[in-house]
Structures are given as C-alpha cells and as structure tokens.
1. Among the DSSP beta bridges whose two residues both lie in the stretch A:91-250, what percent are antiparallel, rounded to the nearest 5?
2. Take residue B:128 and residue A:62, extend 7 Å from each Cα along the Cα→Cβ direction, and tell me the distance between the two endpoints in nm.
3. I'd like to know which of B:84, B:286, B:225 lies farthest towards the positive end of the charge dipole of chain B, counting +1 on Cβ of Lys and Arg and -1 on Cβ of Asp and Glu.
4. Say R0 is 45 Å: what FRET efficiency, to the nearest 0.05, do residue A:80 and residue B:157 get from their beta-carbon distance?
5. Kindly work out what percent of the DSSP beta bridges joining two residues of chain A are antiparallel, to the nearest 5.
6. Assuming R0 = 30 Å, can you tell me the calculated FRET efficiency for the pair residue A:268 and residue B:268, based on Cβ-Cβ distance, to the nearest 0.05?
7. Averaged across the residues of B:247-254, what count of C-beta atoms belonging to other chains lies within 10 Å of each residue's C-beta?
8. Divide by every residue of the protein assembly as shown the summed helix terms, -39500 (n - 2.57) for each DSSP H run of at least 4, and state the resulting mean residue ellipticity at 222 nm, rounded to the nearest 500 deg cm²/dmol.
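The values are calculated or read from the model by the stated rules, or taken from the named source; none is laboratory data. This one's a predicted model, so the numbers in the text were calculated from it and none came from an experiment. Note that each Cβ is placed from the backbone with ideal geometry, even for glycine, and that neighbours are counted across all protein chains shown. Keep in mind that these areas ignore ligands, DNA and RNA; they rest on the heavy atoms of the full protein, side chains included. Shrake-Rupley method; radii C 1.70, N 1.55, O 1.52, S 1.80 Å.
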Amino acid sequence: MPILDIRNLNVRFATQDGEVSAVNDVSLSVEKGECLGIVGESGSGKSQTFMAAMGLLAANGRANGEILFDGANLVGASEDAFNTVRGNRMSMIFQDPMTSLTPHMKIGRQLAEVLVHHRGASVVEARIQSLAMLKRVQIPEAERRLDMYPHELSGGLRQRVMIAMALLCSPEVIIADEPTTALDVTVQAQILDIIHDVKERLKTAVVLITHDLGVVAGLADRVAVMYAGRIVEVGDVGSIFSDPRHPYTKGLLACTPRLDDARQGIMTTIQGQPPNLQRLPSGCSFHPRCSYAAERCANERPALEIYGQGRARACFKDLKAA
Amino acid sequence: MMTQPFLQIRDLKVHFPVRTGGLFFGDYTALKAVDGISFDLKAGETLGVVGESGCGKSTLGRAVLQLVPATSGAVSWLGCDLTQQDKNEIKKCRQELQIVFQDPLASLDPRMTAGDIIAEPLRNYFPAMSNSERTAKVQDMMAKVGLLPGMVNRYPHEFSGGQCQRIGIARAMILKPKLIVCDEPVSALDVSIRAQVINLLMDLQKDFNLSLIFISHDLAVVRHISHRVLVLYLGKVMELAERESLYRAPRHPYTQALMAAVPIPDPDKERAKKRVILTGDPPSPLNPPSGCVFRTRCGQANERCVQEIPLLETASVGHEVSCHHWRNTLENRI
C-alpha cells in the first residue's frame with residue numbers, strides 16, 4: 001500500500017477576481033522509500049498539491065478529493081489530526097531556508113521544540129538528539145550552531161538545519177519543495193547528496209518538487225510532470241527522460257540548456273505563455289502552445305491514460321519514441 | 001566582427017567600506033567585491049561572467065557602467081576612461097551602455113505604462129523628439145522584442161515575468177546601445193520562457209552587432225550564449241577563456257568543481273557522475289584567505305597556495321588561468 005495516496009484532488013482558491021483552479025483532478029501515489037519527482041513551471045500546481053497534503057493551504061484555499069496518508073483521509077481533517085502527522089510522520093523542507101526558520105529563536109530551541117511536542121522528550125534529551133541530527137546532515141561545529149540564530153548561518157547551513165528538523169521524528173515521507181533553488185550549485189550538490197543519503201539509509205520516501213530537470217534526473221525514481229494544475233505525464237525517471245510521450249515533457253526537455261551540450265544558436269522553445277489559471281483554455285490546457293495540437297485538443301480534454309509499465313500520459317497524440 | 005576592443009577593463013577594483021566592530025566609532029574594513037579584474041570585450045561579442053553568490057559578478061557589471069564608483073583601475077569605453085570622466089560625460093556614454101536586471105517586475109516602475117517605460121530613455125536623451133516619432137520608435141522596439149503594440153498602455157503588473165523582461169530589454173535597446181550588461185536576465189523566468197528570452201537576446205545581438213556582458217550563475221545557459229567566459233571567485237578572476245576551451249578543458253580547480261556540481265538532465269549521466277565536490281561555503285569576502293583565495297576549498301592546495309597569490313597565466317591561446325597548479329589540473333580533474 002502506498003504511504004501517501006492522493007486521489008482526484010482539486011484545490012481552489014477564492015480570490016476577488018474569481019476562483020482560481022490551482023490543482024485539477026490530480027491522482028498520485030508515493031510508495032514507501034521511493035523518491036517521486038514533481039516537475040512543472042510556476043503555477044503548475046506542484047507545490048499546492050502537497051501544501052494541501054500538509055494542511056498548509058492559504059485561508060482562501062479549499063481542497064476536495066482524497067489525500068490518504070497511511071490509509072487515513074486528510075482532506076477536511078481537523079487541525080489535531082493534521083498535527084499528529086505534520087512534522088512527525090510527514091514533514092516538509094521549504095525553498096527559502098531563511099524565511100522558514102524562526103528568526104528570533106536559537107537553532108537548538110527550534111529543533112528541540114519538534115521532539116518535545118511530538119515525542120514528549122525532555123529538553124535535555126531533545127538537545128542531545130538535535131545535536132546528533134545536525135551532525136548527521138554534516139553541519140560542521142554542530143555543538144556551537146545549536147546556540148546560534150538563523151541569520152548567523154549561511155544559506156546552505158540553514159537548509160541543512162531545515163533538513164535536520166524535518167528528519168527529527170524519522171518521518172515516513174519528506175516533501176522537499178524546491179529545496180535547492182535558492183542555493184549556489186556547489187552547495188546544491190552538497191544538499192542533494194544529503195537528501196540522497198537520507199533516502200538510501202533511512203528509507204524515507206521523498207517527494208521532490210522542482211522546476212530543475214537536472215535535479216530530478218539525479219534523485220527521483222519516478223517523475224510526474226504537471227501543467228496548469230494537472231498531471232500530464234507520469235513514468236519512471238529513465239523513460240521520462242529518454243522517451244517522453246507528452247508534447248509538454250518533450251518541449252521542456254528540449255528547451256532546457258544542458259552543460260554537456262556544445263550547440264550554439266537558436267534554442268528550442270515552447271511558444272507562448274503558461275495559461276492564466278482563472279481562464280484555462282478549453283480542452284487540453286496545453287493545446288495553445290502545442291505544436292501537435294489538432295481540432296480535437298481544443299474541444300475535449302484528454303484523460304490521464306495508463307499505457308505501459310507504470311507510465312501514463314494525458315494526450316490524444318500517440319507520440320512515439322524519437 | 002571588429003578586432004579593436006570596445007571595452008577595456010584594467011585592474012578594476014571596487015571596495016566597499018564596511019564597519020567592523022563598534023556601533024558608532026568602529027573601524028572600517030574594505031570588502032573587496034571586485035579585486036583587480038582585467039578583460040577586453042569586442043564588438044558583437046558576448047562575455048559570460050559566472051560565479052557563486054557574493055563573487056562580485058553583479059558589482060563588476062555595475063562598475064562597468066559606473067553605477068558603482070570604481071576604487072581604482074580603468075574602464076575604457078572606446079578609448080575613453082569612464083572612471084576619469086565627469087557626470088555629463090558618463091551620461092553621454094550611457095546611451096551606448098545599458099543594463100537589464102534580474103528581477104523583471106522590480107526593475108519596472110509599477111506606476112508607468114509599458115510604453116512610458118520604454119520611451120523614458122528617449123525622453124532623457126532626446127527631449128526635443130516629437131511625440132509621434134517617439135511613439136513610432138517605441139512601437140517598433142516593442143515589435144522587435146515580441147510585445148504586441150496593443151500592450152503599450154498596460155502596467156507592469158499586467159504582464160507575465162517573461163513579458164516584463166521583454167519590456168526591460170526594449171528599454172535597454174531603445175537607444176540602440178553598443179553594449180548591454182545582462183545581470184541574471186533569465187534566472188527569475190520559467191524554463192520554457194527562459195529559452196525565448198535567450199533567443200531574443202541572441203537575435204538582437206546579431207541584428208545590432210551588440211556586445212553583451214552576460215552575468216549568470218547558470219553555467220549551461222552561459223555555455224549556450226557566450227563567446228568567452230570569465231569565472232570569478234571572491235572578486236578575483238579564476239579563469240578566462242574561449243567558451244569551448246573552458247567547457248571542454250577547464251583548468252582551474254574551482255571551474256572544474258563548479259561544472260561537476262551542475263546537474264545534467266539525463267538520469268544515466270547524472271547518476272554515473274562522481275559527485276562532490278566542494279565542501280563548505282565560500283569564505284567571507286571581508287576576511288579572504290591569504291595567497292590563493294580558493295585554497296580553503298581546493299583539493300590541490302599546498303603551502304605555496306597559502307603564501308603566494310597566483311597570477312593569471314596563459315595556459316593556451318585565449319585561455320588564462322590563475323592557479324599555481326594549472327599544468328597538472330587536467331590530469332587531476334574531478
């Protein structure tokens with residue numbers, strides 16, 4: 001049984017300009033110990049899907065559908081129910097390590113709080129465990145860091161503190177939302193290594209949300225590609241990269257500049273702009289930008305169809321391997 | 001392509017005074033954001049500038065345009081040293097030297113329409129120009145950067161990030177400059193939009209024989225757009241080389257580490273790759289290491305690196321590197 005099973009999830013935000021459909025009919029499952037990569041551009045719904053799973057939607061947001069964590073539905077669950085899961089069995093690493101740590105609390109106290117709250121640990125005990133966790137994520141001079149404030153640490157160290165905090169209660173699922181986007185490449189490599197290590201040694205399931213296909217290629221076992229609040233393609237990491245079957249996935253791969261690519265000149269692009277979520281195009285949301293679009297695509301929405309071992313796509317066109 | 005250097009930077013230094021210790025009467029220490037950088041730029045050429053946050057790449061770009069005062073050194077634009085000119089002279093030169101910023105929305109005045117934003121440089125430099133001529137030029141430039149003429153009266157918040165960046169580029173291009181400093185112009189954009197903006201910059205470069213200084217932390221984008229690449233670390237040049245020479249055979253251990261750290265969107269290659277890499281973070285620019293500034297994170301550092309500052313040496317034609325060990329670095333490549 002998957003540890004996290006999202007079924008037909010919709011997330012809507014009520015705004016002054018009308019309703020925004022951020023997530024539309026998304027179904028996803030995360031198996032124990034696997035790393036699921038979620039790829040998409042801004043506004044594709046990749047973050048909001050999992051914010052809903054963590055019960056962290058903004059006040060004007062509403063989720064419906066099912067989010068089954070270890071069999072129990074979290075949609076519409078009480079705050080108390082969320083609190084037993086959140087930060088304990090399922091935790092989250094955010095993009096910006098500065099704004100997600102409390103600025104006026106020492107690192108040690110922020111870490112200890114998690115254990116005191118969820119595990120009823122004593123303060124002394126919590127400090128010992130926090131220290132061990134900081135060492136595990138390779139923070140140098142860990143003991144001294146416990147008594148520092150977040151602003152005294154570099155971005156890379158802050159992100160390690162976030163990871164340590166997420167790991168304290170040995171969660172079954174870690175949701176990493178763009179964990180390395182704010183970091184320099186050399187520091188990004190260090191953080192990705194730690195996440196890899198966590199996944200391998202602790203067998204924690206990791207949901208890796210990112211716009212960087214390179215990051216997904218290195219870590220994920222399976223990949224889901226999202227566009228305009230829907231999943232357009234799912235598959236194992238190898239086949240998504242070597243044999244993309246949705247025009248959007250194909251386009252994304254083609255327009256990503258690669259370090260190992262010596263070509264110059266005009267780059268492949270995806271024409272047009274991502275759609276406005278208040279006024280989604282009819283039919284397939286991608287059709288105004290798709291070079292394969294036919295009349296049917298404007299009238300009818302393709303369903304996410306399974307067509308092979310663990311692979312599915314939402315497209316009428318039968319794209320064959322290149 | 002002309003061979004006469006358009007822009008010559010010689011031993012450029014930009015130091016900022018930073019108070020260290022003491023609330024009111026503390027001592028000042030120099031933060032060496034840019035510390036002795038020299039390079040030439042030809043007409044129609046793109047120089048990529050790469051490095052991690054805090055390496056001085058943005059300060060370098062701003063110092064070229066004299067948006068921050070140089071502490072010492074020379075910035076010669078067509079033979080005229082901008083650091084020695086008064087404000088009026090610099091203003092004249094700025095017609096030919098423009099900049100595009102990273103954050104597309106923050107760099108546009110929210111209370112001005114797209115048309116006004118793009119027209120502003122014309123108002124500054126040609127106050128006598130008639131309204132109809134100005135409008136025609138603005139419309140023409142909007143078409144060139146891929147904006148519809150009907151968008152002229154819209155405000156910045158009505159545009160997407162990619163479109164805002166096009167407005168920023170149109171504003172920089174309206175005076176037909178010879179050089180544009182692009183400070184992380186695509187970092188804030190989505191992947192599918194990023195390629196569109198890079199194509200636009202390359203098109204404009206071809207049409208107007210523009211020189212570009214392309215500042216970015218993204219080594220893959222830089223490889224695509226640059227003719228030559230400058231690698232910075234703590235305000236100093238680590239390596240300066242022709243694009244292919246640098247990417248095929250990076251000589252400096254820092255360049256090698258940077259390249260090794262960039263994830264490649266190919267699971268087989270990415271997983272086969274030997275990771276890591278550099279440990280730790282770059283040291284504080286307020287208190288840089290003695291000798292070679294990179295030595296504290298370098299696997300090949302020895303006693304000499306502690307004592308002696310490496311000079312920029314020519315490793316091959318058009319490939320300069322500042323490392324005591326450059327002759328051996330290719331064998332030890334990570």
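1. Values: 6 of 14 bridges.
Taking every DSSP beta bridge within the stretch A:91-250, about 45 percent pair in antiparallel fashion.
2. The modelled label-to-label distance comes out at 6.5 nm.
3. My answer, from the dipole projection, is B:225.
4. Numbers: r = 40 Å, r/R0 = 0.89.
Efficiency at R0 = 45 Å is approximately 0.65.
5. Details: 30 of 49 bridges.
Counting DSSP beta bridges with both partners in chain A, the antiparallel share is about 60 percent.
6. Details: r = 21 Å, r/R0 = 0.71.
E(calc), rounded to 0.05, equals 0.90.
7. Details: counts 4, 1, 0, 0, 0, 0, 0, 1.
Average neighbour count from other chains, rounded to a whole number: 1.
8. Numbers: 22 runs with 210 residues, N = 656.
Helix-only estimate at 222 nm: -9000 deg cm²/dmol.
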